[in-house]
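This report concerns only the one structure given below.
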Amino acid sequence: EVDWFSLASILFLLMFAPLIVYYFIMSCDQYQCSLIDPLIDLLTGNKHLSDIWNKTPTLTYRAASIYALWVAFQMLLYLFIPDFCHKFLPGYVGGVQEGAVTPAGVVNKYEINGLQAWIITHVLWFANAYYFHWFSPTIIFDNWIPLLWCANVLGYAVSTFAMIKSYFFPTNAEDCKFTGNFFYDYMMGIEFNPRIGKWFDFKLFFNGRPGIVAWTLINLSYAAKQQELYGQVTNSMILVNVLQGIYVLDFFWNEAWYLKTIDICHDHFGWYLGWGDCVWLPYLYTLQGLYLVYHPVQLYTANAIGILMLGLIGYYIFRMTNHQKDLFRRTNGNCKIWGKKPEYIECSYMSVDGSKYYSKLMTSGFWGWARHFNYTGDLMGSLAYCLTCGFEHILPYFYIVYMTILLTHRCIRDEHRCFSKYGKDWKRYTAAVPYRLIPGIF
């Protein structure tokens, strides 16, 4: 059932999320990244909405061609080049992998080749920059707003197609969730794992390929623009490229592990993922680099080192926390966490068909500090990205505010699901690990 608060939240996002993206990008293009000046102009009557809109670059054939080639190229890498990285990279899990069991009991198979796609894409990018010169490395920045319209077209198109598909030709009818509320179904999705053919999985492709592969390319284009405008690339821009590059590489190195996360295991595919992956992610997750094009910041060496350490420690916590959970699950608790056998709480739950199952919730290592300490590491890294930009404007800090809201909401969603699943055993677990994110505080 769709409660009134969920419906109000969904309507708000459907109406205002695209405007939020436009407002941020427009403020950089027309107001040097000030979020306040456009409002002042409008409230004082210095400008009208039509004045701002008329100064906004429109969709161009060049941008449409660039974007169409980009998405087609990523589809080519995704569908037609089987992974070879797992054959020579020790520890990397690629190739055909199985996802989690869906509510209907289906186990989907995936071709894990995101790291390979990232490597091929970036090898070609640098080859062009230094040898072929087919296009300027600033091409993304130079067409940034026209590309925004292309991304919106794709985001709405794939979300609408996914909804139509769920009614008329679903991949698995038993994995569809109809609430009867059009806006909720469009936003949160009906089909669990919409697919075309055997291998084209909407969730895996759109979450990783057009957006996250592009993330590092976007930052490289920002760095190239900074070099073009000012004759140098600042250490803050280098930090953004390095820290966010680590995050992106980590995502693709652990793409097989991603199959067991909330996005794949629990979320259905709708506008939230379709439009979000095409527009929200590439445009708002890269605000720090965009800001630094307009406001280059050369950090003091001590500050740069401090920010780098914050980002690396956050990444270490994020990765090691997830590693501890993965190791615990794979060995069913027969392992060592921080040099000793892990402690855990034995839980039981009932499946839909009435069968009883048992599970273990670890209370050792980082998971004894807080119930979602991996999110804490993620937030530390997010803060590091923002700190590279200094304190002149609030725009670069949108990311840490957004991630705090997003991950706190995920904590609540996850714990609500776990309480429904485990009941009194979940209460025992929360008593043993009382904090969600920050030990001793929250």
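Determine, yes or no, whether residue 233 is closer than 26 Å to residue 147 by Cβ, at pLDDT 95 or above and not in a helix (DSSP H, G or I). Yes; evaluated as a whole, the condition is true for this residue. Within region 384-394, is even one residue over 21 Å from residue 35 (Cβ atoms), crowded, with 19+ Cβ neighbours inside 10 Å and either touching a residue at least 24 places away in the same chain (Cβ under 8 Å) or not aliphatic (A, V, I, L, M) (or both)? Within region 384-394, one or more residues are over 21 Å from residue 35 (Cβ atoms), crowded, with 19+ Cβ neighbours inside 10 Å and either touching a residue at least 24 places away in the same chain (Cβ under 8 Å) or not aliphatic (A, V, I, L, M) (or both).
If you scan region 97-118, which residues turn out to be surrounded by 15 or more Cβ atoms within 10 Å (Cβ to Cβ) and either free of Cβ contacts under 8 Å to residues at least 24 places away in the same chain or outside any loop (DSSP other than H, G, I, E, B) (or both)? 97, 99, 108, 110, 111, 112, 114, 115, 116, 117, 118, listed by residue number. Can we say residue 222 is closer than 26 Å to residue 84 by Cβ and assigned to a helix (DSSP H, G or I)? No; evaluated as a whole, the condition is false for this residue.
Which is open to solvent by 60 Å² or more (accessible area, probe 1.4 Å) and either out of contact with any Cys (no Cβ under 8 Å at 6 or more places or on another chain) or under 20 Å from residue 294 (Cα atoms) (or both), of 358, 344, 399, 349?
344
Residue pairs whose Cβ atoms lie under 7 Å apart, sitting 6 or more positions apart in sequence or on different chains, and linking a residue in region 276-298 that is within 11 Å of residue 33 (Cα to Cα) and outside any loop (DSSP other than H, G, I, E, B) to a partner that is open to solvent by 10 Å² or more (accessible area, probe 1.4 Å) and of a type in the set (Lys, Arg), are 293/225. Take residue 300 and decide whether it is out of contact with any Phe, Trp or Tyr (no Cβ under 9 Å at 6 or more places or on another chain), open to solvent by 30 Å² or more (accessible area, probe 1.4 Å) and of a type in the set (Phe, Trp, Tyr). Considered against the rule, which asks whether it is out of contact with any Phe, Trp or Tyr (no Cβ under 9 Å at 6 or more places or on another chain), open to solvent by 30 Å² or more (accessible area, probe 1.4 Å) and of a type in the set (Phe, Trp, Tyr), residue 300 comes out as yes. Answer with yes or no whether residue 82 is within 30 Å of residue 171 (Cβ to Cβ), open to solvent by 80 Å² or more (accessible area, probe 1.4 Å) and touching a residue at least 12 places away in the same chain (Cβ under 8 Å). Answer is yes for this residue.
Per the conditions (1) more than 24 Å from residue 21 (Cβ to Cβ); (2) aliphatic (A, V, I, L, M); (3) at pLDDT 95 or above, the sole criterion not satisfied by residue 139 is (1). Taking the residues in region 123-162 that are open to solvent by less than 50 Å² (accessible area, probe 1.4 Å) and outside any helix (DSSP H, G or I) as candidates, determine which candidate is nearest to residue 187 (Cα to Cα). Here the residue is 143. If you filter region 228-244 down to residues that are open to solvent by less than 10 Å² (accessible area, probe 1.4 Å) and of a type outside the set (A, V, I, L, M), you find that the one that is nearest to the chain's Cα centre (by Cα) is 244.
Residues in region 85-94 that are open to solvent by less than 80 Å² (accessible area, probe 1.4 Å), of a type outside the set (A, V, I, L, M, F, W, C) and either at pLDDT 95 or above or in a loop (DSSP other than H, G, I, E, B) (or both): 91, 92, 94. Going by the structure shown, is residue 50 under 27 Å from residue 267 (Cα atoms), exposed (fewer than 15 other Cβ atoms within 10 Å of the Cβ) and of a type in the set (S, T, N, Q)? Considered against the rule, which asks whether it is under 27 Å from residue 267 (Cα atoms), exposed (fewer than 15 other Cβ atoms within 10 Å of the Cβ) and of a type in the set (S, T, N, Q), residue 50 comes out as no.
Selection of first residues in region 315-340 that are at pLDDT 90 or above and among the charged types (D, E, K, R) and of second residues that are outside any helix (DSSP H, G or I) and open to solvent by less than 80 Å² (accessible area, probe 1.4 Å), restricted to Cβ pairs under 9 Å at least 6 apart or on distinct chains, gives the following pairs, ordered by first then second residue: 319/254; 325/362; 325/365; 336/342; 340/364. The conditions of being open to solvent by 90 Å² or more (accessible area, probe 1.4 Å) and over 21 Å from residue 426 (Cα atoms) are met by residue 309. The set of residues in region 163-179 being free of Cβ contacts under 8 Å to residues at least 12 places away in the same chain and either small (Gly, Ala, Ser) or surrounded by 15 or more Cβ atoms within 10 Å (Cβ to Cβ) (or both) consists of 173 alone.
The values are calculated or read from the model by the stated rules, or taken from the named source; none is laboratory data. Because the structure is predicted, anything quoted here is derived from the model rather than measured. In this analysis, Cβ positions are derived from the backbone assuming ideal geometry, glycine residues included, and neighbour counts consider all displayed protein chains. For accessibility, only protein heavy atoms count, side chains too; no ligands or nucleic acids. Shrake-Rupley method; radii C 1.70, N 1.55, O 1.52, S 1.80 Å.
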